[in-house]
Amino acid sequence: MYGNDFGPPEPAGVTDAGPADLGGEDDATFLALIDADARVEPRDQMPGAYRASLIRQIAQHAHSEIIGMQPEGNWIGRAPSLKRKAILLAKVQDEAGHGLYLYAAAETLGVDRSELLDKLHSGRQKYSSIFNYPTLTWADMGAIGWLVDGAAIVNQVPITRCSYGPYARAMVRICKEESFHQRQGFEILHTLSNGTSAQHAMAQDAVDRWWWPSLMMFGPPDDASPNSERSMRWGIKRFSNDELRQRFVDMTVPQSQALGLTLPDPELSLDESAGHWRTGPIDFRELFEVIGGNGPCNAARLAHRRAAHERGQWVRDAAAAFAAKHATDAQGAA
Ligand code: BYC
């Protein structure tokens, strides 16, 4: 029944919620499926720990998308032209859409979106560290697009091949949109970098502030990443945190040269024999502080999110009332 909802009838004992989870993480049939690079679909049997790990990662990812609307939403009313405003508005709307696809993908694993939002609001689930930094100038819109969305693409393209089908498929469209986001950020910075000296300085200042936090988005180093080994065995992650971080650095250094901006790392150098750009040491204490709730904007981001959720209660009530009325009308007509 793997990878296909339209196969032969389900065996006895299978409920509407799908078959019961496999007990062992190392179930041979499941691992053979992973080794064959096939996809796991919602009603397939899977180890409980695989399901839990996917819910954890997809929920965090979804939360990152909707919290990620805040730093840029802060600049919609202050964009320097109508065109820039329209582009930024579209980008922030895309992020809401990404949240929606991802919550829907998580729901195929048997959790409810409201439960996930409760966990976000009560601090029991995380969102990306990067969105706990403030957006101080218009150039931050460029730096977020270029660096943050650039990092997101490097991290997320491999997820289009994730072993869990609904997550992999959601990522295809998300990555296409991230690509537009990255280019619009690059173009903002290119314009500023080639503008007046004050504009150039503003672009450089934004890159100086966003560079290190962008490298931290990829997570802790591999030897301090408790989830990586198992997630890679299960085909949830295809590359390790450090591999993806290195790929991002290699991609970004030449782009910074094209922009005429420097990266704030005096130790950055090309390792010619390996063909990689090497950074100086990354201060991961900052990542752990931010993940632990002590970043510059953690409290403000969560407070804003909770308030938005409360303000939206009437919409959820109206939708539920409409659905109930529709169900009653349909029953009456039958
Ligand atoms: N921030 O064992 P590890 C976007 C946590 S959206 C916060 O390596 P894993 C965008 C990690 O969760 C960007 N927490 O974990 C949106 C774990 O804690 P738990 C979001 C982090 O899962 C709008 C612990 O640290 N992208 O780009 O193997 C506008 C140990 O880590 C972070 C995704 O979510 C962090 N940076 O690897 C613009 C992509 N890093 O859960 C842009 C999908 C680590 O054990 N997610 N932690 O309590 C992933 O690829 C992986 O989950 C990660 C972490 C690479 C992030």
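The values are calculated or read from the model by the stated rules, or taken from the named source; none is laboratory data. Model, not experiment: these values are computed from the prediction. Glycine also receives a Cβ, built like all others from the backbone with ideal geometry; neighbour counts cover every protein chain displayed. Surface areas here come from the heavy atoms of the whole protein model, side chains and all, with no ligands, DNA or RNA. Shrake-Rupley method; radii C 1.70, N 1.55, O 1.52, S 1.80 Å.
Residues of the range 87-98 being among the hydrophobic types (A, V, I, L, M, F, W, C) and closer than 14 Å to Gly185 by Cα, which ones? Ile87, Leu88, Leu89, Ala90, Val92 - these are the residues of the range 87-98 that are among the hydrophobic types (A, V, I, L, M, F, W, C) and closer than 14 Å to Gly185 by Cα. Reported count of residues in the range 162-193, each being over 15 Å from the mean Cα position of the chain (by Cα) and either aliphatic (A, V, I, L, M) or open to solvent by 40 Å² or more (accessible area, probe 1.4 Å) (or both), is 9. Taken as a whole, the condition of being under 27 Å from Val249 (Cβ atoms) and not in a helix (DSSP H, G or I) applies to Pro134.
Going by what's in this entry, would Leu54 be described as out of contact with any His (no Cβ under 8 Å at 6 or more places or on another chain), in a helix (DSSP H, G or I) and farther than 18 Å from Lys126 by Cβ? Considered against the rule, which asks whether it is out of contact with any His (no Cβ under 8 Å at 6 or more places or on another chain), in a helix (DSSP H, G or I) and farther than 18 Å from Lys126 by Cβ, Leu54 comes out as no.
Looking across Leu117, Leu102, one residue alone is in a helix (DSSP H, G or I) and within 13 Å of the ligand (Cβ to nearest atom). It is Leu102.
Taking the criterion of being more than 14 Å from the ligand (Cβ to nearest atom) and either touching a Lys or Arg at 6+ places or on another chain (Cβ under 8 Å) or not charged (D, E, K, R) (or both), the residues of the range 46-81 that qualify are Met46, Pro47, Gly48, Gly77, Ala79, Pro80, Ser81.
Just one of (1) more than 12 Å from the ligand (Cβ to nearest atom); (2) among the small types (Gly, Ala, Ser); (3) surrounded by fewer than 19 Cβ atoms within 10 Å (Cβ to Cβ) trips up Ala206, so point out which. Of (1) more than 12 Å from the ligand (Cβ to nearest atom); (2) among the small types (Gly, Ala, Ser); (3) surrounded by fewer than 19 Cβ atoms within 10 Å (Cβ to Cβ), only one is false for Ala206: (3). Selection of the range 71-93 for residues being more than 17 Å from Leu147 (Cα to Cα) and in contact (Cβ under 8 Å) with a residue 40 or more places away in the chain yields Asn74, Trp75, Arg78, Ala79, Pro80, Arg84, Ile87. Say whether the condition of being of a type in the set (A, V, I, L, M) and open to solvent by 30 Å² or more (accessible area, probe 1.4 Å) is met by at least one residue in the range 105-113. So far as the range 105-113 goes, no, none of its residues is of a type in the set (A, V, I, L, M) and open to solvent by 30 Å² or more (accessible area, probe 1.4 Å). For the range 139-153, filtered to residues that are surrounded by 24 or more Cβ atoms within 10 Å (Cβ to Cβ) and among the aliphatic types (A, V, I, L, M), the residue that is nearest to the ligand (Cβ to nearest atom) is Ala152.
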